[in-house]
Amino acid sequence: MIKTLEWTDEGVVMIDQRLLPSEEVYPVFKTYEEVAYAIKEMVVRGAPAIGVAAAMGVALGARNITTNDAAQFDQQFQLICDVLAGTRPTAVNLFWAIERMKSLYEKLKGEGLSFAEICLRLIDEARQMHDEDVSINKAMGANGAALINDGATVLTHCNAGALATAGYGTALGVIRAAVEAGKKVAVFADETRPFLQGARLTAWELHKDSIPVTLITDNMAGHFMKAGKIDCVVVGADRIAANGDVANKIGTYSVAVLAKENNIPFYVAAPISTIDLKTKTGEDIPIEERPQTEVTHVKGAQLSPDGITIANPAFDVTPYRYVAAIITERGVARAPFEESLAKLVNAA
Ligand code: MRU
(Lines give C-alpha, C1' and ligand atoms only; values in the text may rest on other atoms or scores of the structure.)
Protein backbone atom coordinates (compact mmCIF):
# COMPACT_ATOMS: atom_id res chain seq x y z
CA MET A 1 0.00 0.00 0.00
CA ILE A 2 1.20 3.53 -0.80
CA LYS A 3 2.24 5.36 2.40
CA THR A 4 1.12 8.94 1.95
CA LEU A 5 1.88 10.09 5.47
CA GLU A 6 2.72 8.48 8.76
CA TRP A 7 3.30 9.55 12.36
CA THR A 8 6.71 8.53 13.75
CA ASP A 9 8.43 9.52 17.01
CA GLU A 10 10.77 11.67 14.96
CA GLY A 11 7.98 13.59 13.21
CA VAL A 12 5.54 13.25 10.30
CA VAL A 13 6.93 11.26 7.38
CA MET A 14 5.34 12.18 4.05
CA ILE A 15 6.00 11.13 0.50
CA ASP A 16 7.05 14.30 -1.34
CA GLN A 17 4.30 14.44 -3.98
CA ARG A 18 6.03 17.29 -5.81
CA LEU A 19 8.71 14.88 -6.96
CA LEU A 20 6.48 12.05 -8.16
CA PRO A 21 6.61 10.09 -10.38
CA SER A 22 10.33 10.46 -11.02
CA GLU A 23 11.50 10.31 -7.40
CA GLU A 24 9.97 8.52 -4.41
CA VAL A 25 11.34 10.41 -1.40
CA TYR A 26 10.02 10.34 2.20
CA PRO A 27 11.27 13.35 4.21
CA VAL A 28 10.47 13.80 7.93
CA PHE A 29 8.71 17.00 9.05
CA LYS A 30 9.76 17.61 12.63
CA THR A 31 7.94 20.79 13.64
CA TYR A 32 4.45 22.16 13.07
CA GLU A 33 5.97 24.93 10.94
CA GLU A 34 7.52 22.29 8.69
CA VAL A 35 4.16 20.49 8.42
CA ALA A 36 2.49 23.82 7.53
CA TYR A 37 5.13 24.33 4.84
CA ALA A 38 4.48 20.81 3.50
CA ILE A 39 0.75 21.52 3.20
CA LYS A 40 1.19 24.95 1.60
CA GLU A 41 3.82 23.79 -0.88
CA MET A 42 1.85 20.62 -1.69
CA VAL A 43 4.35 18.05 -0.51
CA VAL A 44 1.09 16.61 0.83
CA ARG A 45 -2.19 17.50 -0.90
CA GLY A 46 -5.73 16.25 -1.36
CA ALA A 47 -8.41 17.25 1.16
CA PRO A 48 -8.40 14.20 3.49
CA ALA A 49 -4.57 13.95 3.50
CA ILE A 50 -4.31 17.66 4.29
CA GLY A 51 -6.68 17.12 7.23
CA VAL A 52 -4.67 14.23 8.67
CA ALA A 53 -1.37 16.10 8.12
CA ALA A 54 -2.77 19.14 9.96
CA ALA A 55 -3.92 16.97 12.89
CA MET A 56 -0.43 15.47 13.08
CA GLY A 57 1.02 18.99 12.85
CA VAL A 58 -1.10 20.08 15.84
CA ALA A 59 0.07 17.05 17.86
CA LEU A 60 3.69 17.68 16.87
CA GLY A 61 3.45 21.36 17.75
CA ALA A 62 1.85 20.64 21.13
CA ARG A 63 4.52 18.06 21.92
CA ASN A 64 7.23 20.62 21.22
CA ILE A 65 5.78 23.29 23.56
CA THR A 66 8.21 23.64 26.46
CA THR A 67 6.27 25.82 28.92
CA ASN A 68 4.14 24.45 31.73
CA ASP A 69 2.40 27.75 32.29
CA ALA A 70 -1.28 27.23 31.38
CA ALA A 71 -1.83 30.63 29.76
CA GLN A 72 1.35 30.41 27.70
CA PHE A 73 0.59 26.82 26.66
CA ASP A 74 -2.87 27.91 25.53
CA GLN A 75 -1.46 30.80 23.55
CA GLN A 76 1.14 28.65 21.81
CA PHE A 77 -1.42 25.93 21.08
CA GLN A 78 -3.71 28.50 19.47
CA LEU A 79 -0.83 29.83 17.37
CA ILE A 80 -0.06 26.31 16.09
CA CYS A 81 -3.71 25.87 15.06
CA ASP A 82 -3.80 29.30 13.38
CA VAL A 83 -0.62 28.72 11.39
CA LEU A 84 -1.84 25.34 10.14
CA ALA A 85 -5.30 26.75 9.33
CA GLY A 86 -3.66 29.50 7.26
CA THR A 87 -2.08 27.11 4.76
CA ARG A 88 -4.84 26.34 2.22
CA PRO A 89 -8.34 27.86 2.29
CA THR A 90 -10.56 25.60 0.18
CA ALA A 91 -10.35 22.03 1.56
CA VAL A 92 -12.67 22.05 4.55
CA ASN A 93 -11.04 18.89 5.95
CA LEU A 94 -8.16 21.10 7.09
CA PHE A 95 -10.43 23.13 9.39
CA TRP A 96 -12.45 20.08 10.39
CA ALA A 97 -9.28 18.28 11.56
CA ILE A 98 -7.92 21.29 13.45
CA GLU A 99 -11.28 21.79 15.17
CA ARG A 100 -11.35 18.14 16.21
CA MET A 101 -7.87 18.49 17.77
CA LYS A 102 -8.83 21.77 19.45
CA SER A 103 -11.98 20.37 21.03
CA LEU A 104 -10.09 17.33 22.33
CA TYR A 105 -7.48 19.70 23.84
CA GLU A 106 -10.22 21.75 25.57
CA LYS A 107 -11.96 18.61 26.83
CA LEU A 108 -8.78 17.10 28.30
CA LYS A 109 -7.78 20.40 29.88
CA GLY A 110 -11.23 20.50 31.48
CA GLU A 111 -10.66 17.01 32.85
CA GLY A 112 -7.48 18.27 34.55
CA LEU A 113 -4.94 16.21 32.61
CA SER A 114 -1.31 17.35 32.63
CA PHE A 115 0.13 18.88 29.45
CA ALA A 116 2.31 15.79 28.98
CA GLU A 117 -0.78 13.56 29.11
CA ILE A 118 -2.71 15.88 26.81
CA CYS A 119 0.08 15.72 24.23
CA LEU A 120 0.06 11.92 24.25
CA ARG A 121 -3.71 11.94 23.72
CA LEU A 122 -3.39 14.45 20.86
CA ILE A 123 -0.85 12.17 19.17
CA ASP A 124 -3.22 9.20 19.59
CA GLU A 125 -6.07 11.23 18.12
CA ALA A 126 -4.05 12.24 15.03
CA ARG A 127 -2.98 8.63 14.48
CA GLN A 128 -6.58 7.51 14.89
CA MET A 129 -7.70 10.07 12.30
CA HIS A 130 -5.18 8.55 9.92
CA ASP A 131 -6.50 5.01 10.40
CA GLU A 132 -10.13 6.13 10.38
CA ASP A 133 -9.57 7.81 7.01
CA VAL A 134 -8.49 4.53 5.43
CA SER A 135 -11.56 2.72 6.84
CA ILE A 136 -13.83 5.54 5.69
CA ASN A 137 -12.42 5.30 2.17
CA LYS A 138 -13.00 1.55 2.10
CA ALA A 139 -16.62 2.00 3.21
CA MET A 140 -17.06 4.75 0.61
CA GLY A 141 -15.50 2.48 -2.01
CA ALA A 142 -17.95 -0.30 -1.20
CA ASN A 143 -20.91 2.12 -1.47
CA GLY A 144 -19.66 3.56 -4.76
CA ALA A 145 -18.59 0.31 -6.42
CA ALA A 146 -22.26 -0.55 -6.96
CA LEU A 147 -22.49 2.42 -9.35
CA ILE A 148 -19.67 1.15 -11.58
CA ASN A 149 -20.69 -1.45 -14.15
CA ASP A 150 -18.51 -4.37 -15.13
CA GLY A 151 -16.51 -3.31 -18.20
CA ALA A 152 -16.92 0.42 -17.46
CA THR A 153 -14.47 3.15 -18.40
CA VAL A 154 -14.36 5.86 -15.74
CA LEU A 155 -12.99 9.35 -16.25
CA THR A 156 -11.41 11.08 -13.27
CA HIS A 157 -9.88 14.52 -12.75
CA CYS A 158 -6.97 15.45 -10.47
CA ASN A 159 -5.88 12.87 -7.90
CA ALA A 160 -8.43 11.62 -5.38
CA GLY A 161 -6.48 8.46 -4.66
CA ALA A 162 -4.32 6.94 -1.94
CA LEU A 163 -2.00 9.94 -2.28
CA ALA A 164 -4.83 12.39 -1.55
CA THR A 165 -5.88 10.53 1.60
CA ALA A 166 -4.33 8.40 4.35
CA GLY A 167 -4.73 5.51 1.91
CA TYR A 168 -7.03 3.82 -0.68
CA GLY A 169 -8.57 7.06 -1.94
CA THR A 170 -12.03 8.50 -2.45
CA ALA A 171 -12.73 8.54 -6.23
CA LEU A 172 -9.94 6.03 -6.82
CA GLY A 173 -11.20 4.11 -3.77
CA VAL A 174 -14.51 3.61 -5.59
CA ILE A 175 -12.60 2.35 -8.63
CA ARG A 176 -10.37 0.10 -6.47
CA ALA A 177 -13.44 -1.35 -4.71
CA ALA A 178 -15.13 -2.08 -8.06
CA VAL A 179 -11.98 -3.86 -9.24
CA GLU A 180 -11.75 -5.80 -5.96
CA ALA A 181 -15.39 -6.84 -6.48
CA GLY A 182 -14.24 -8.54 -9.68
CA LYS A 183 -15.33 -5.89 -12.18
CA LYS A 184 -13.23 -4.99 -15.16
CA VAL A 185 -12.68 -1.22 -14.97
CA ALA A 186 -10.52 1.09 -17.06
CA VAL A 187 -9.72 4.69 -16.21
CA PHE A 188 -9.20 7.84 -18.26
CA ALA A 189 -7.12 10.29 -16.20
CA ASP A 190 -7.16 14.00 -17.04
CA GLU A 191 -3.61 15.31 -16.70
CA THR A 192 -4.95 18.24 -14.58
CA ARG A 193 -3.02 21.37 -15.46
CA PRO A 194 -1.28 23.21 -13.96
CA PHE A 195 -0.05 20.98 -11.11
CA LEU A 196 -0.47 17.77 -13.13
CA GLN A 197 -1.91 15.65 -10.33
CA GLY A 198 -3.57 13.40 -12.94
CA ALA A 199 -0.46 12.82 -15.01
CA ARG A 200 2.01 12.57 -12.15
CA LEU A 201 -0.04 10.99 -9.35
CA THR A 202 -3.24 9.29 -10.58
CA ALA A 203 -1.47 7.61 -13.50
CA TRP A 204 1.35 6.51 -11.14
CA GLU A 205 -1.02 5.04 -8.54
CA LEU A 206 -3.24 3.20 -10.98
CA HIS A 207 -0.33 1.83 -12.97
CA LYS A 208 1.25 0.56 -9.71
CA ASP A 209 -2.04 -1.25 -8.95
CA SER A 210 -2.28 -2.64 -12.52
CA ILE A 211 -5.57 -0.82 -13.16
CA PRO A 212 -5.63 0.13 -16.86
CA VAL A 213 -5.19 3.89 -17.22
CA THR A 214 -5.20 6.14 -20.27
CA LEU A 215 -3.71 9.56 -19.66
CA ILE A 216 -5.29 12.43 -21.61
CA THR A 217 -4.80 16.19 -21.55
CA ASP A 218 -7.68 18.11 -20.00
CA ASN A 219 -8.96 19.41 -23.33
CA MET A 220 -9.46 15.86 -24.67
CA ALA A 221 -12.22 14.86 -22.21
CA GLY A 222 -15.12 16.14 -24.35
CA HIS A 223 -13.81 14.38 -27.42
CA PHE A 224 -13.73 11.00 -25.68
CA MET A 225 -17.12 11.52 -24.05
CA LYS A 226 -18.74 12.34 -27.39
CA ALA A 227 -17.08 9.29 -28.93
CA GLY A 228 -18.83 7.09 -26.36
CA LYS A 229 -15.61 6.03 -24.65
CA ILE A 230 -16.56 7.17 -21.12
CA ASP A 231 -19.30 5.50 -19.05
CA CYS A 232 -19.16 7.67 -15.96
CA VAL A 233 -17.08 10.33 -14.19
CA VAL A 234 -15.92 9.96 -10.58
CA VAL A 235 -14.08 12.80 -8.85
CA GLY A 236 -13.24 13.80 -5.28
CA ALA A 237 -14.12 17.05 -3.51
CA ASP A 238 -12.48 19.69 -1.34
CA ARG A 239 -15.71 21.05 0.08
CA ILE A 240 -19.37 20.26 -0.52
CA ALA A 241 -21.88 22.96 0.36
CA ALA A 242 -25.22 22.22 2.03
CA ASN A 243 -27.05 22.47 -1.33
CA GLY A 244 -24.73 19.93 -3.03
CA ASP A 245 -22.46 22.38 -4.88
CA VAL A 246 -19.00 20.82 -5.07
CA ALA A 247 -15.62 22.54 -4.94
CA ASN A 248 -12.89 20.41 -6.50
CA LYS A 249 -9.74 20.84 -8.57
CA ILE A 250 -9.91 23.50 -11.26
CA GLY A 251 -11.35 21.96 -14.44
CA THR A 252 -13.88 19.76 -12.63
CA TYR A 253 -16.74 22.09 -13.55
CA SER A 254 -15.89 21.81 -17.27
CA VAL A 255 -15.83 18.01 -16.97
CA ALA A 256 -19.25 18.04 -15.25
CA VAL A 257 -20.80 20.22 -17.97
CA LEU A 258 -19.36 17.98 -20.68
CA ALA A 259 -20.67 14.90 -18.86
CA LYS A 260 -24.21 16.33 -18.69
CA GLU A 261 -24.11 17.29 -22.38
CA ASN A 262 -23.16 13.69 -23.19
CA ASN A 263 -25.62 12.01 -20.74
CA ILE A 264 -22.80 10.57 -18.66
CA PRO A 265 -23.34 10.33 -14.87
CA PHE A 266 -21.04 12.58 -12.86
CA TYR A 267 -20.32 11.18 -9.37
CA VAL A 268 -18.50 12.79 -6.45
CA ALA A 269 -16.86 10.61 -3.80
CA ALA A 270 -16.04 12.31 -0.51
CA PRO A 271 -16.06 11.62 3.22
CA ILE A 272 -18.66 13.18 5.53
CA SER A 273 -15.86 15.49 6.80
CA THR A 274 -15.83 17.19 3.37
CA ILE A 275 -19.52 18.14 3.64
CA ASP A 276 -19.78 21.61 5.10
CA LEU A 277 -23.39 22.29 6.06
CA LYS A 278 -22.37 25.71 7.40
CA THR A 279 -21.55 26.73 3.83
CA LYS A 280 -24.93 27.13 2.19
CA THR A 281 -23.92 27.22 -1.50
CA GLY A 282 -20.79 27.03 -3.63
CA GLU A 283 -20.78 30.84 -3.87
CA ASP A 284 -19.56 30.91 -0.25
CA ILE A 285 -16.60 28.56 -0.77
CA PRO A 286 -13.23 30.37 -0.74
CA ILE A 287 -11.20 29.55 -3.83
CA GLU A 288 -7.44 29.40 -3.36
CA GLU A 289 -5.30 31.38 -5.80
CA ARG A 290 -1.91 29.68 -6.27
CA PRO A 291 1.42 31.07 -7.46
CA GLN A 292 1.60 32.24 -11.08
CA THR A 293 4.72 30.17 -11.71
CA GLU A 294 2.60 27.00 -11.55
CA VAL A 295 1.00 28.20 -14.82
CA THR A 296 3.98 29.88 -16.46
CA HIS A 297 6.60 27.21 -15.75
CA VAL A 298 6.90 23.44 -15.94
CA LYS A 299 9.91 22.00 -14.08
CA GLY A 300 11.67 25.36 -14.27
CA ALA A 301 11.11 25.81 -18.02
CA GLN A 302 9.20 29.00 -18.88
CA LEU A 303 6.21 28.48 -21.20
CA SER A 304 4.85 32.00 -21.59
CA PRO A 305 6.20 35.51 -22.22
CA ASP A 306 7.13 37.83 -19.36
CA GLY A 307 4.82 40.71 -18.46
CA ILE A 308 1.43 39.09 -19.13
CA THR A 309 -1.42 38.64 -16.66
CA ILE A 310 -1.74 35.17 -15.16
CA ALA A 311 -4.64 33.66 -13.23
CA ASN A 312 -4.30 30.47 -11.20
CA PRO A 313 -7.44 29.54 -9.23
CA ALA A 314 -6.75 26.08 -7.79
CA PHE A 315 -10.41 25.02 -7.56
CA ASP A 316 -13.77 25.60 -9.16
CA VAL A 317 -17.35 24.94 -8.10
CA THR A 318 -19.63 22.50 -9.87
CA PRO A 319 -23.30 23.40 -9.28
CA TYR A 320 -25.34 20.58 -7.72
CA ARG A 321 -27.52 20.20 -10.82
CA TYR A 322 -24.60 18.51 -12.63
CA VAL A 323 -24.04 15.97 -9.84
CA ALA A 324 -25.77 12.59 -10.25
CA ALA A 325 -24.79 11.37 -6.76
CA ILE A 326 -22.44 12.04 -3.86
CA ILE A 327 -20.85 8.88 -2.51
CA THR A 328 -19.89 8.88 1.19
CA GLU A 329 -18.93 6.28 3.78
CA ARG A 330 -22.48 6.49 5.17
CA GLY A 331 -24.26 5.98 1.87
CA VAL A 332 -25.04 7.64 -1.44
CA ALA A 333 -26.78 11.03 -1.52
CA ARG A 334 -28.92 12.12 -4.46
CA ALA A 335 -30.96 15.24 -5.21
CA PRO A 336 -32.48 17.02 -3.41
CA PHE A 337 -29.06 17.30 -1.76
CA GLU A 338 -30.10 19.73 0.94
CA GLU A 339 -32.10 16.90 2.50
CA SER A 340 -29.98 13.89 1.59
CA LEU A 341 -26.67 15.46 2.72
CA ALA A 342 -28.08 16.74 6.01
CA LYS A 343 -29.51 13.28 6.67
CA LEU A 344 -26.13 11.60 6.12
CA VAL A 345 -24.20 14.18 8.16
CA ASN A 346 -26.62 13.92 11.07
CA ALA A 347 -26.76 10.12 10.94
CA ALA A 348 -23.76 9.73 13.31
O1 MRU B 1 -4.70 21.05 -4.91
P2 MRU B 1 -4.90 19.63 -4.49
O3 MRU B 1 -4.00 18.67 -5.20
O4 MRU B 1 -4.83 19.48 -2.98
O5 MRU B 1 -6.38 19.31 -4.92
C6 MRU B 1 -6.89 18.04 -4.72
C7 MRU B 1 -8.26 17.83 -5.24
O8 MRU B 1 -8.85 18.71 -5.82
C9 MRU B 1 -8.90 16.51 -4.94
O10 MRU B 1 -9.75 16.14 -5.96
C11 MRU B 1 -9.70 16.62 -3.63
O12 MRU B 1 -8.92 17.16 -2.61
C13 MRU B 1 -10.24 15.32 -3.20
S14 MRU B 1 -8.97 14.24 -2.67
C15 MRU B 1 -9.62 12.82 -2.09
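Values computed for the structure shown
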quantity: Cut-off 12 Å between beta-carbons: net charge of the residues surrounding GLN128, Lys and Arg +1, Asp and Glu -1; calculated: -2
quantity: Listed peptides 327-338, 47-58, 66-77 by packing density, highest first (mean Cβ within 10 Å); calculated: 47-58, 327-338, 66-77
quantity: Percent RCO, i.e. relative contact order, over segment 271-321, from Cα pairs under 8 Å lying at least 6 residues apart; calculated: 41
quantity: Label-point gap, in nm, between LYS208 and SER103 - each point 7 angstrom along Cα→Cβ; calculated: 3.3
quantity: Segment 84-99-segment 226-300 distance, computed between alpha-carbon centres (Å); calculated: 18
quantity: The chain: DSSP helices with Cα axial extent of at least 20 Å and average Kyte-Doolittle hydropathy no lower than 0.0; calculated: 47-63, 70-85
quantity: Accessible area (Å², per residue) of segment 266-348, counting only protein heavy atoms and a probe of 1.4 Å; calculated: 54
quantity: Full-stretch length increase - GLU283, ARG18 - with 0.36 nm per residue and alpha-carbon distance subtracted; calculated: 92.4 nm
quantity: Per residue accessible area in Å² of segment 156-249, where ligands, DNA and RNA are left out and the probe is 1.4 Å; calculated: 30
quantity: Value of Rg to Rh for segment 1-77 (Rh from inverse mean 1/r over Cα pairs, i.e. Kirkwood); calculated: 1.04
quantity: Scattering profile of the chain at q = 0.14 Å⁻¹ [log10 I(q)/I(0), Debye over alpha-carbon scatterers]; calculated: -1.11
quantity: Stretchable slack from GLU339 to SER135, in nm (0.36 nm times residue separation minus alpha-carbon distance); calculated: 70.9 nm
quantity: Fraction in percent of alpha-carbon pairs per bin - 5 Å, segment 179-262; calculated: 3, 13, 23, 24, 20, 14, 4, 0
quantity: Cross-link partners of LYS343 among aspartates and glutamates (Cα-Cα below 17 Å; sequence separation of 8 or more within a chain); calculated: ASP245, ASP276, GLU329
quantity: Mean accessible surface per residue for segment 1-124, computed with a 1.4 Å probe while every protein chain stays in place, in Å²; calculated: 42
quantity: In segment 29-122, the GluC sites (Glu not before Pro) that fall in loop regions by DSSP, at most 12 other Cβ within 10 Å; calculated: GLU111
quantity: The chain: relative contact order as a whole-number percent, Cα under 8 Å and 6+ apart; calculated: 16
quantity: Label zone at ASN312 (point 7 Å along Cα-to-Cβ), backbone N below 16 Å, segment 1-23; calculated: 18-19
quantity: Relative contact order (%) - criterion: Cα under 8 Å, at least six apart; region: segment 89-230; calculated: 19
quantity: Label point distance in nm, LYS260-GLU10, each placed 7 Å from Cα along Cα→Cβ; calculated: 5.0
quantity: For segment 111-180: Kirkwood Rh in Å [reciprocal of mean 1/r, alpha carbons]; calculated: 13.7
quantity: Of all accessible heavy-atom area on the chain, the percent that carbon and sulfur account for (1.4 Å); calculated: 52
quantity: Pairwise FRET efficiency - LYS40 versus GLN78, Cβ, R0 = 22 Å, nearest 0.05; calculated: 0.70
quantity: Rg/Rh ratio calculated on Cα atoms of segment 71-208 (Kirkwood radius); calculated: 1.11
quantity: Förster radius 22 Å - calculated FRET efficiency between ALA301 and ASN219 (Cβ-Cβ, nearest 0.05); calculated: 0.60
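The values are calculated or read from the model by the stated rules, or taken from the named source; none is laboratory data. Nothing here was measured: the structure is a model prediction, and the numbers come from that model. Cβ atoms come from the backbone with ideal geometry, glycine included; neighbour counts cover every protein chain shown. In case anyone asks, the SASA skips ligands and DNA or RNA and just uses the protein heavy atoms, side chains included. Shrake-Rupley method; radii C 1.70, N 1.55, O 1.52, S 1.80 Å.
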